[in-house]
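The values are calculated or read from the model by the stated rules, or taken from the named source; none is laboratory data. Note that the structure is predicted; figures quoted are calculated from it, not measured. Cβ sites come from the backbone with ideal geometry, for glycine too, and all protein chains shown count toward neighbours. Just so you know, the surface numbers come from the protein's heavy atoms only, side chains and all, with ligands and any DNA or RNA stripped out. Shrake-Rupley method; radii C 1.70, N 1.55, O 1.52, S 1.80 Å.
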Amino acid sequence: MRTLVSALGLMLATNAYAGGFGLLFNGGVHTERVFYYSSHQYGEGEPVPFESPNDYEQYEVVQTLPNMGTGLELILGDRDDRVVGTFRFFYQQDAAQLNPADVTEEIRSVHVVANHRDTPRHTGIGMVGINWGFLGNPSNFMAGATAHVGSGFLTTDHTEFLTWDIGPTAMYKVARSVQLHADALYQGRFRKGVSHGFTGYIGVRYLFD
């Protein structure tokens with residue numbers, strides 16, 4: 001019995017110390033829906049889209065905006081494993097939205113009424129996922145796939161959102177415990193509708209067991 005307990009203790013201790021941590025950088029683009037309104041006053045004889053000529057007609061434009069960020073990554077699993085768990089926590093900055101008056105082709109710019117976000121958005125994002133290297137060797141070069149799900153849970157303008165990503169990844173061991181990696185991922189967001197984007201990650205990991 002004592003032998004069994006000792007063996008279980010060693011196994012648990014080994015698992016507890018298997019993993020790693022790293023630094024990552026990301027950049028990409030994503031879409032955002034921007035709503036705006038027309039202040040055009042309808043004259044006599046003009047067709048009115050609403051019951052009252054004082055109602056503002058709503059329009060929408062989908063903008064593709066850049067983003068970039070940096071953060072930390074935790075690895076759960078042995079450095080020689082092909083499948084490991086990942087946790088990413090990073091800061092990301094989304095570019096300011098464009099003024100709809102400058103990009104719309106629906107109405108004259110003088111009639112545009114919009115409350116768009118004209119400053120960058122600062123967001124804290126946390127994600128959990130899995131990393132699977134199915135081509136190559138864990139001690140050298142591996143190619144595979146990675147996927148994460150999480151949320152932009154910390155924002156300055158109360159626009160929290162769900163987010164997920166999936167796509168190919170490549171990893172290269174430059175030393176026994178040091179690994180470089182690069183990801184090229186589709187990334188989606190959900191807040192009052194789905195938006196789409198692309199993000200790339202590069203990073204370095206320190207792995208131990």
Ranked by accessible surface with a 1.4 Å probe, highest first, in what order do Ile166, Ile107 come?
Ile166, Ile107
Segment 129-209: relative contact order as a whole-number percent, Cα under 8 Å and 6+ apart
23 percent
At Leu76 and Val29, where each label point lies 7 Å from the Cα along Cα→Cβ, what is the point-to-point distance in nanometres?
3.5 nm
Got a sec to turn the phi values of segment 190-196 into Karplus ³J(HN,Hα) couplings, 6.51 cos²θ - 1.76 cosθ + 1.60 with θ = phi - 60°, whole Hz, x for Gly and Pro?
9, 7, 6, x, 9, 10, 10
Share of accessible surface on carbon and sulfur in segment 116-209, whole %, 1.4 Å probe and ligands ignored, is 71 percent
Under a point-charge model restricted to the Cβ atoms of Lys and Arg (+1) and Asp and Glu (-1), what is the dipole moment magnitude of segment 145-209 relative to its Cα centre, in debye to the nearest 20?
100 debye
Using alpha carbon coordinates only, what is the Rg to Rh ratio of segment 60-115, with Rh defined as the Kirkwood radius?
1.35
Distant-in-sequence amide H partners of Glu57 (H built 1.01 Å from N, under 5 Å)
Ser38
Based on the alpha carbons, how large is the Rg to Rh ratio for segment 89-209 when Rh follows Kirkwood?
1.12
Normalised by the number of residues in segment 130-170, what is the relative contact order in percent for Cα pairs under 8 Å and 6+ residues apart?
39 percent
Determine, from the Cβ-Cβ distance of Asn99 and Leu154 and an R0 of 30 Å, the FRET efficiency 1/(1 + (r/R0)^6), rounded to the nearest 0.05.
0.65
